[in-house]
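Presented below is the structure to which this report refers.
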Amino acid sequence: MGVEGSVIFEKQPRENLRSVQSVISVEGLTRVFGQDPERALKLRRSGRSKDEIHEETGNTLALYNVSFEIVPGEIFVLMGLSGSGKSTLLRCINRLIEPTGGKILIGGRDIVSMDPEELRMVRRCKLGMIFQNFALLPHRTVLDNVTFGLEVQGIPEDERYQKGNELLRMVGLGDYGASMPIHLSGGMKQRVGLARALAGDPEILLMDEAFSALDPLIRREMQDELLDLQRRLNRTIIFVTHDLDEALKLGDRIALMRDGEIIQIGTPEEILTRPEDAYIERFVAGVDMTKVLSASDVMHHPGPVAQCTAGTKVALHLMKEHDVENVFVVGHERRFRGLVTFDDVLEAIRAGRELEEIVITDVPSVAPDATLSDIISLIVGGPYPVAVVDDRGRLRGFISQSAILGALARNGERSRAVA
């Protein structure tokens, strides 16, 4: 008897991002810096590279024919090395940089063709921007920085300060409203920037290398803070980074860029396990999959599950029917209780004992976002599979030793192939 099943991938909160109507649609976006963009584009269409175009014309082809869609509530990461065009792309989306060509549809309206007044309204109501260098006003208090946009909109002081204080509490700075920016650490300044971006209640957050200036420990804390806020607020976020680990941690999908073009768009698992060309293979070759893949990426479906109120004969029937040596036991609303084994159930039937009396409750369990590196020590040498349990205590799946070994084997094969 066994407990095997097919590996499933379930990193994203939405089963199919592409089935949802997009909130942002970018179509054929192009940006050329220089005096003769048409000549540069003609050379690119003829097959010339970005470097060759610059050498011949002095123009820089920052973006070329970029297209993608983003759905509501998605964290979409623009990833690439310096000069790949990711920050230029982000700044074209709110027209801090004017596109040379193409469309940027936000809520179905093309921001590229908007007049100045329409653009101001979109920036004010739909878009929030968070910069790498914090961009705080040094002569204003933290609270006044957070509420600056509301002040510009003419919101009364009491109303904007109430909202500002709520946002500061949300980002963990509830006691710092009267402080000046010079007295804050880098991480605290970025929290202020995040609160300020949220003050206008935007649908979309644009984050340009927002955490790259922070120390590694503070950077990880801010990543966790952003994910926590996203679970509560469910904003659409476009996040620019050159750090692959950051992209893998934050992104629902990643667009990997090179020389102003998108080379591949996919979930973190798709980027890691199915790179589309040799460049991306080299890019991801050094990633430790045990620190990237989560429990939900490799877990099996829980299979047959016995209610704790069911009889021992029901549990025995399930194990015989599905050819397994144990079944998980759940209570009300599928809340995880433990498991029972085939031998224990047989003995209980002979002794006339109830199922609840023989449930093994010290079965290891992890959250769906636990990494494989956290799970390995629980499962190696252990007698039972590891249960995957959500934050409400409900059983989501289980992880067997073979699932761990399979993930490690695929990682080894990928590394050898790249080498």
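The values are calculated or read from the model by the stated rules, or taken from the named source; none is laboratory data. Keep in mind the model is a prediction, meaning the values are calculated, not measured. Cβ: placed from backbone, ideal geometry, glycine included. Neighbour counts: every protein chain shown.
Summary table
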item: Residue list for the stretch 225-249, restricted to those being over 22 Å from residue 94 (Cα atoms) and in contact with a helix residue (DSSP H, G or I) (Cβ under 9 Å, 6 or more places away or on another chain); result: 225, 227, 229, 232, 243, 244, 245, 246, 248, 249
item: Search result, residues across the stretch 253-265 that are at negative phi and in contact with a strand residue (DSSP E or B) (Cβ under 9 Å, 6 or more places away or on another chain); result: 253, 254, 255, 256, 257, 261, 262, 263, 264, 265
item: Some residue of the stretch 278-286 being of a type in the set (Ser, Thr, Tyr) and more than 23 Å from the chain's Cα centre (by Cα); result: no
item: Where a residue in the stretch 150-166 is free of Cβ contacts under 8 Å to residues at least 24 places away in the same chain and in the same structural domain as residue 195 (by TED's automatic domain parsing) and its partner, wherever it lies, is part of a helix (DSSP H, G or I) and loosely packed, with under 13 Cβ neighbours inside 10 Å, with Cβ under 9 Å and at least six apart; result: 151/157
item: The stretch 81-95 residues that are on the phi > 0 side of the Ramachandran plot, paired with ones that are among the basic types (Lys, Arg) (beta carbon under 9 Å, 6 or more apart); result: 83/50; 85/31; 85/258; 95/123
item: Residue in the stretch 27-38 that is of a type in the set (Asp, Glu), touching a residue at least 24 places away in the same chain (Cβ under 8 Å) and surrounded by 17 or more Cβ atoms within 10 Å (Cβ to Cβ) present; result: no
item: Residues of the stretch 192-229 satisfying the condition of being touching a Leu at 6+ places or on another chain (Cβ under 6 Å) and free of Cβ contacts under 8 Å to residues at least 24 places away in the same chain; result: none
item: Strands (runs of 3 or more DSSP E) contained entirely in the stretch 199-310, each with at least 2 residues that are in contact with a Ser or Thr (Cβ under 8 Å, 6 or more places away or on another chain) and basic (Lys, Arg); result: 253-258
item: Unique residue being part of a loop (DSSP other than H, G, I, E, B) and under 30 Å from residue 252 (Cα atoms) when the list is 362, 369, 374; result: 369
item: Every pair of residues 6+ apart whose Cβ atoms lie under 6 Å, when the first sits in the stretch 284-310 and is assigned by TED's automatic domain parsing to the domain that holds residue 322 and over 17 Å from residue 271 (Cβ atoms) while the second is among the charged types (D, E, K, R) and in a strand (DSSP E or B); result: 308/337
item: The one condition in (1) aliphatic (A, V, I, L, M); (2) modelled with pLDDT of 90 or more; (3) within 25 Å of residue 272 (Cβ to Cβ) that residue 407 fails to fulfil; result: (2)
item: Cβ-Cβ under 6 Å pairs, at least 6 apart or on other chains, the stretch 174-191 side among the hydroxyl-bearing types (Ser, Thr, Tyr) and surrounded by fewer than 17 Cβ atoms within 10 Å (Cβ to Cβ), far side at pLDDT 90 or above and assigned to a helix (DSSP H, G or I); result: 179/142
item: Whichever residue in the stretch 311-352 is in contact (Cβ under 8 Å) with a residue 40 or more places away in the chain and touching a Ser or Thr at 6+ places or on another chain (Cβ under 7 Å) and, among such residues, is surrounded by the fewest Cβ atoms within 10 Å (Cβ to Cβ); result: 325
item: Criterion: surrounded by fewer than 23 Cβ atoms within 10 Å (Cβ to Cβ), out of contact with any Phe, Trp or Tyr (no Cβ under 7 Å at 6 or more places or on another chain), at pLDDT 95 or above and among the hydroxyl-bearing types (Ser, Thr, Tyr) - qualifying residue of 67, 87, 113, 82; result: 67
